[in-house]
């Protein structure tokens, strides 16, 4: 039976998720890509190299991030955080977010990890999604 989860349950899914999916709009079409992220307070933090998703988010900052926990086709939980993209440009804040991400995901994509650790962090886009609301459901 499918049931609705509350915000606390949605947040717990984000805290334990290994991979999330970012949804945004590219040229008027939905675009979904996997990403590593950290939930903290009312923000989902992440980073990326410059590319299609970053240019799309800069053009249209509306976005969502989805996570799930799947045990089987009849036992799963899924949550979506809806919000707005915000690029983090202050160097101390960027470093703080990157450090949080590396603590949780020490083996982030090799290119990004190497760039950030070799002092080329300006090539890495650090951003957050300011969460406005959650939705979450489960089949249990």
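The values are calculated or read from the model by the stated rules, or taken from the named source; none is laboratory data. Just so you know, these numbers come straight off a predicted model, no measurement behind them. Don't worry about glycine lacking a Cβ; one is built from the backbone with ideal geometry, like all the others, and counts go over all protein chains shown.
What to note about this one:
- When the residues of the range 105-129 are filtered to those that are exposed (fewer than 15 other Cβ atoms within 10 Å of the Cβ) and touching a strand residue (DSSP E or B) at 6+ places or on another chain (Cβ under 8 Å), the one that is modelled with the lowest pLDDT is 111.
- Complete set of residues in the range 30-52 that are more than 13 Å from the chain's Cα centre (by Cα), in a strand (DSSP E or B) and either surrounded by 13 or more Cβ atoms within 10 Å (Cβ to Cβ) or at pLDDT below 95 (or both): 31, 49
- Of the residues making up the range 12-21, those that are free of Cβ contacts under 8 Å to residues at least 60 places away in the same chain and surrounded by 15 or more Cβ atoms within 10 Å (Cβ to Cβ) are 12, 17, 20, 21.
- When the criteria are applied in full, residue 55 fails the requirement of being surrounded by fewer than 20 Cβ atoms within 10 Å (Cβ to Cβ) and assigned to a strand (DSSP E or B).
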